[in-house]
Amino acid sequence: MSYKVIDLFAGVGGLSYGFADDPEFEILAANEILAPMAEAYSKNHPTVKVYNKDIKDFSIEDLTRDLGVKQGDVDIVVGGPPCQAYSTVGKRLIDDPRGKLFQEYYRILKELRPQVFVFENVKGLLSMQGGELIQTIISLFESIGYHMQKRLLNAADYGTPQVRERVILVGTLDKRPFIYPKPTHYNPELGIPSDKSLKPYITLGEALGDLPSIKTGEQGYVYRSEPQNEYQRLMRENAPTEIQEHEVPKTNAKLVALMEALPDGGSPKDVAEELRPTSGFANCYCRLWWNRPCTTVTRNLGCVSSSRCVHPRDPRPLSTREGARIQGFPDNYIFCGKRGDKHLQIGNAVPTFLSKAIKDAVKSYLKGEKIDGIEPEQKELTLFD
């Protein structure tokens, strides 16, 4: 017997990745409005019925007609409504219609009545409307019988080479408390933790060090070396012989000169004045750190004028494959469409290692197993003496 899963606002399958990777779960169907994302999801998960249409036009009737699914047949629903309206990176417009798509999530929960659901979103959701919006969302889910719990989780704490905080709401029909997954990694810059089972954060060097060095306008096909660590080994399981999507467009000589001059983790303030750009936000035209995790990856992972995305060693932005690796997608994972489509697929995704941790916690909950995890809404972890 396997637990049945439905994936809403599915993207390319980041949030559901952990469930898809576990034989005790079966993803029956996924819904995604953007065609390139839906195509990528289908190519990576060919056994899943993918509905490429507006969530407003998706319902249990589709699942009953195509898969024979009835109310109560689905154990778990996962999904993260588009986050642009809540993001602290964007303008957070409350009248953005994308900010009301949680109501469609609520509608589908009413139709399916899963035992558990996982609702993911950006950190900005916590402060939207002074915190009233998230309470509205929680109250809406509670009105149909779900016991609600929430936590802010950082993907770096679960083995992702990236600092990426996400709000994770979990709703259960059973009123037993849901225990969130315990971190597996720690930030070594804060000291040595009392829990000796924790590992240091995965750095960009550890995540990307076996990929070939390239310049703007170049593409790299051959791995620099055999896998140097466990992270690289996981990324290269069942990978094609030639590296895919490891290229960056040609850029102008002045921008290359700026990127060459940037020190590790540096910004335009660290270079000669004649090399500095005349405009841009504080985190733009900045180099990443080789010995730290990446900052939060966005759809602008290849645009140095829009985010901190200069490669920590090479004078160029990140490649598509590097962005995918930073999100935890293995080297055989497929992305579809134009370069901008692929970067949107990567930048909008939930890191796969965070998904695996959430999946493990959900599985333990469904089986009634006790785990050493984090209580909901516990503000701080006591990791250090």
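What the table shows:
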quantity: Verdict on Leu169 being at pLDDT 95 or above, in a strand (DSSP E or B) and out of contact with any Leu (no Cβ under 8 Å at 6 or more places or on another chain); calculated: yes
quantity: Test for Ile60: is it crowded, with 19+ Cβ neighbours inside 10 Å, of a type outside the set (Ser, Thr, Tyr), in contact with a Phe, Trp or Tyr (Cβ under 8 Å, 6 or more places away or on another chain) and at pLDDT 95 or above; calculated: no
quantity: Flag if Tyr285 is among the hydroxyl-bearing types (Ser, Thr, Tyr), surrounded by 19 or more Cβ atoms within 10 Å (Cβ to Cβ) and either touching a His at 6+ places or on another chain (Cβ under 9 Å) or part of a loop (DSSP other than H, G, I, E, B) (or both); calculated: yes
quantity: Filter result (surrounded by 18 or more Cβ atoms within 10 Å (Cβ to Cβ), of a type in the set (Lys, Arg) and over 17 Å from the mean Cα position of the chain (by Cα)) within the stretch 346-371; calculated: Lys363
quantity: Sole residue being surrounded by fewer than 20 Cβ atoms within 10 Å (Cβ to Cβ) and small (Gly, Ala, Ser), chosen from Gly131, Gly159; calculated: Gly131
quantity: Selection from the stretch 89-120 of residues that are modelled with pLDDT of 90 or more and of a type in the set (Asp, Glu); calculated: Glu104, Glu111, Glu120
quantity: Unmet requirement for Tyr158, which otherwise passes all of (1) touching a residue at least 60 places away in the same chain (Cβ under 8 Å); (2) in contact with a strand residue (DSSP E or B) (Cβ under 6 Å, 6 or more places away or on another chain); (3) not aliphatic (A, V, I, L, M); calculated: (2)
quantity: Single condition Tyr231 does not satisfy, out of (1) within 18 Å of Thr352 (Cβ to Cβ); (2) surrounded by fewer than 18 Cβ atoms within 10 Å (Cβ to Cβ); calculated: (2)
quantity: Residue that is under 18 Å from Phe178 (Cβ atoms) and in contact with a helix residue (DSSP H, G or I) (Cβ under 8 Å, 6 or more places away or on another chain), where the choices are Ile108, Ile137; calculated: Ile137
quantity: In the stretch 290-320, the residues that are aliphatic (A, V, I, L, M), closer than 27 Å to Pro200 by Cα and assigned to a loop (DSSP other than H, G, I, E, B); calculated: Val297, Leu301, Leu318
quantity: Complete set of residues in the stretch 1-32 that are surrounded by fewer than 20 Cβ atoms within 10 Å (Cβ to Cβ), part of a loop (DSSP other than H, G, I, E, B) and either in contact with a Pro (Cβ under 7 Å, 6 or more places away or on another chain) or in contact (Cβ under 8 Å) with a residue 24 or more places away in the chain (or both); calculated: Ser2, Asp21, Asp22, Glu24
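The values are calculated or read from the model by the stated rules, or taken from the named source; none is laboratory data. Keep in mind that this is a model prediction, so the values were computed, not measured. Reconstructed Cβ throughout: ideal geometry from the backbone, glycine too, with neighbour counts over all protein chains shown.
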